[in-house]
Amino acid sequence: MRLKLAAIAAGLAIAGASVQAQTITLKVHHFLGPQTIQHTKMLGDWCANIERDSNKRLNCQIFPAMQLGGAPPQLFDQAKDGVADVVWTVAGYSAGRFPRSEIFELPFMMTNAAATSRAAWDFVQKHAQDEFKDVKLLAIHVHGPGNIFTKDKPITSLNDFKGMKLRAPTRLTNRMLGLLGASPVGMPVPQVPEALSKGVIDGAVIPYEVAPGLRVHELTKFVAEPDRSVEALYTTVFLVPMNKAKYDSLPADLKAVVDKNSGREFSAFLGATQEGNDVPGREAFVKTAGYTINQIPRAELDRWRKAIEPLYAEFTADMDKRGFDGKALVSSARELVKQYTK
């Protein structure tokens, strides 16, 4: 009997060890292509890191270009509902769903992507955790300073915006373009090439890093590049949510691996990596014959800043209506950006 009991106990121990050692594969989903830096470096490095830190008990299968189905605006819900375990998406694709977290999309808020991404993480921990109560938030970050690419007419001054149909990624950037005098057209970035080629839009606001992959250097002739010594004209907030049930199902040591590879510094890595790719992205435009890069000086940007002042008033009023102190939120965001900017 003792031998039988010992054998049963040994069998249970072996079975338990087998379960403990079982490899768990996370389904990671995003809307860009497999050659993009988001796929190969940003998400790719994260997956490599969790595999290393878990002794290969955690790994990923990354699905680019919406291969798991759906459209980019559905990505957050795919993480929430378990269609995917982890996604990379734009907060503003779900317009108004993360109103406080979108604060870093206000014009002239961002200094650099690493600092602003760190600030965004801290801001969410302090002011907006409830916006992500249905998921495990792994990171929140921004891209590098945005530019305005146009097909037939350059933008060199405030007056040039009038009548131009310009694509924007989010509600705040749409409103910014409207205040500048343009006709804003909201759409996810994968739709930009077709919209440009068919004349649905006259131009688009995007950072340099993603533009060559969208053939923007082939589909447009001009770019308005705001003075880089000034805070960015605009940026976009990105999210990396994880399915909460999937995270909760992990054993404690694997949760610790996910936690180690999440948070402020992961957010900064994503932002810095994306902004770093602006350099080769810009080079594609420099090398395109006949392409014109118009650098917008500080004095002209001051005119733009004045034109979009109502957006700040609208944002703070909206926050006040939601029961938050809008001015205090803007002040907190600015202070956090300043704290991390070197």
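FYI, it's all coordinate maths here, none of it is from the lab. Since the structure is predicted, the reported quantities are computational estimates derived from the model, not experimental observations. Here the Cβ positions follow ideal geometry from the backbone for every residue, glycine too, while neighbour counts run over all protein chains shown.
Based on the Kirkwood radius over alpha-carbon pairs, what value in µm²/s does the Stokes-Einstein equation return for the translational diffusion coefficient of the chain at 37 °C and 0.692 mPa s?
Details: Rh = 21.2 Å.
D, rounded to a whole number, is 155 µm²/s.
Can you tally the net charge around Lys126? Count Lys and Arg as +1, Asp and Glu as -1, for every other residue whose Cβ sits under 14 Å from the Cβ of Lys126. Don't skip to the end; give the middle numbers.
Working: positive: Arg100, Arg118, Arg264, Arg334; negative: Asp122, Asp130, Glu131, Asp325, Glu335.
Here the count lands on -1.
Would you calculate a helix-derived [θ] at 222 nm for the chain, using -39,500 (n - 2.57) for each DSSP H run of n ≥ 4 and dividing by the full residue count, to the nearest 500? All intermediate terms of the calculation are to be shown ahead of the outcome.
On the way: 14 runs with 147 residues, N = 342.
Dividing the helical sum by the residues of the chain leaves -13000 deg cm²/dmol.
State the volume of the convex hull built on the alpha-carbon positions of region 52-205, expressed per residue in Å³ and rounded to an integer.
Residue-normalised Cα hull volume stands at 141 Å³.
Just subtract the alpha-carbon distance of Ser249 and Val200 from 0.36 nm times their residue separation and send over the number in nm, one decimal. Working shown, then result.
On the way: separation 49, 0.36 × 49 = 17.64 nm, distance 4.60 nm.
So the extension gain works out to 13.0 nm.
What residues have an amide H closer than 5 Å to that of Ser183, excluding those fewer than 5 places away on the same chain, when H is modeled at 1.01 Å from N in the peptide plane?
Placed amide hydrogens put Gly163, Met164, Lys165, Leu166 under 5 Å from Ser183.
Among Lys246/Lys342; Lys56/Lys80; Lys80/Lys260; Lys165/Lys287; Lys198/Lys306; Lys126/Lys321, which pairs are too far apart, with a Cα-Cα distance over 28 Å? Intermediate results must be reported in sequence, preceding the final value.
On the way: Lys246/Lys342 37 Å; Lys56/Lys80 25 Å; Lys80/Lys260 21 Å; Lys165/Lys287 26 Å; Lys198/Lys306 33 Å; Lys126/Lys321 19 Å.
Over 28 Å apart, Cα to Cα: Lys246/Lys342; Lys198/Lys306.
Note the direction-averaged projected area, equal to a quarter of the hull surface, for the Cα convex hull of region 228-269, in nm².
Approximately 4.0 nm², given one-decimal rounding.
From the Cα gyration tensor of region 192-327, with a ≥ b ≥ c the square roots of its eigenvalues, which class applies: rounded if a/c is under 1.5, or else prolate if a/b is larger than b/c, or else oblate?
Numbers: a/c = 2.17, a/b = 1.37, b/c = 1.58.
Oblate shape, in that a/c is at least 1.5 and b/c is the bigger or equal ratio.
Apply the Karplus parameterisation 6.51 cos²θ - 1.76 cosθ + 1.60, with θ equal to phi minus 60°, to every residue of region 247-264 and state each ³J(HN,Hα) to the nearest whole Hz, in sequence, with x for glycine and proline.
Coupling constants for region 247-264: 4, 5, 7, 6, x, 4, 6, 7, 4, 4, 5, 4, 4, 4, 9, 10, x, 4 Hz.
For region 143-233, rounded, prolate or oblate, judged on the Cα gyration tensor with a ≥ b ≥ c (square roots of eigenvalues), a/c < 1.5 rounded, else prolate if a/b > b/c?
Working: a/c = 1.30, a/b = 1.13, b/c = 1.15.
It is rounded, given that a/c, with a ≥ b ≥ c, falls under 1.5.
List the aspartates and glutamates whose Cα lies under 20 Å from the Cα of Lys136, skipping any in the same chain that are fewer than 8 positions away.
Lys136 reaches Asp45, Glu51, Asp53, Asp77, Asp81, Asp85, Glu102, Asp122, Asp248, Asp253, Asp259, Glu265.
How far apart, in nanometres, would the label points at Glu218 and Gln67 be if each is projected 7 angstrom from Cα along the Cα-to-Cβ direction?
2.3 nm
Under 20 Å Cα to Cα from Lys151, which aspartates and glutamates show up? Leave out anything in the same chain fewer than 8 places away.
Counting by Cα, and skipping residues close in sequence, Lys151 has these aspartates and glutamates nearby: Asp160, Glu194, Asp202, Glu209, Glu218, Glu225, Glu283.
Any idea what angle helix 309-321 forms with the longest principal axis of the chain, computed on alpha-carbon atoms, 0 to 90 degrees, nearest 10?
Value to nearest ten degrees: 40.
When all alpha-carbon pairs of region 267-316 are counted, what percent fall beyond 17 Å? Mind dumping the intermediate values first?
Numbers: 780 of 1225 pairs.
Tail fraction, whole percent: 64.
For the residues Met66, Met176, what sequence is obtained by ranking on other C-beta atoms within 10 Å, fewest first? Display every interim value, and only then the final one.
On the way: Met66 18, Met176 24.
In order of increasing Cβ crowding within 10 Å: Met66, Met176.
Fewest to most neighbouring Cβ within 10 Å: what's the order for Tyr93, Tyr247, Tyr208? Intermediate values should be presented prior to the final figure.
Values: Tyr93 23, Tyr247 19, Tyr208 26.
With the fewest neighbours first, Tyr93, Tyr247, Tyr208 line up as Tyr247, Tyr93, Tyr208.
I need Lys327, Lys321 ordered by Cβ neighbour count within 10 Å, fewest first. Mind showing how you got there, number by number?
Working: Lys327 15, Lys321 9.
By the 10 Å Cβ count, ascending: Lys321, Lys327.
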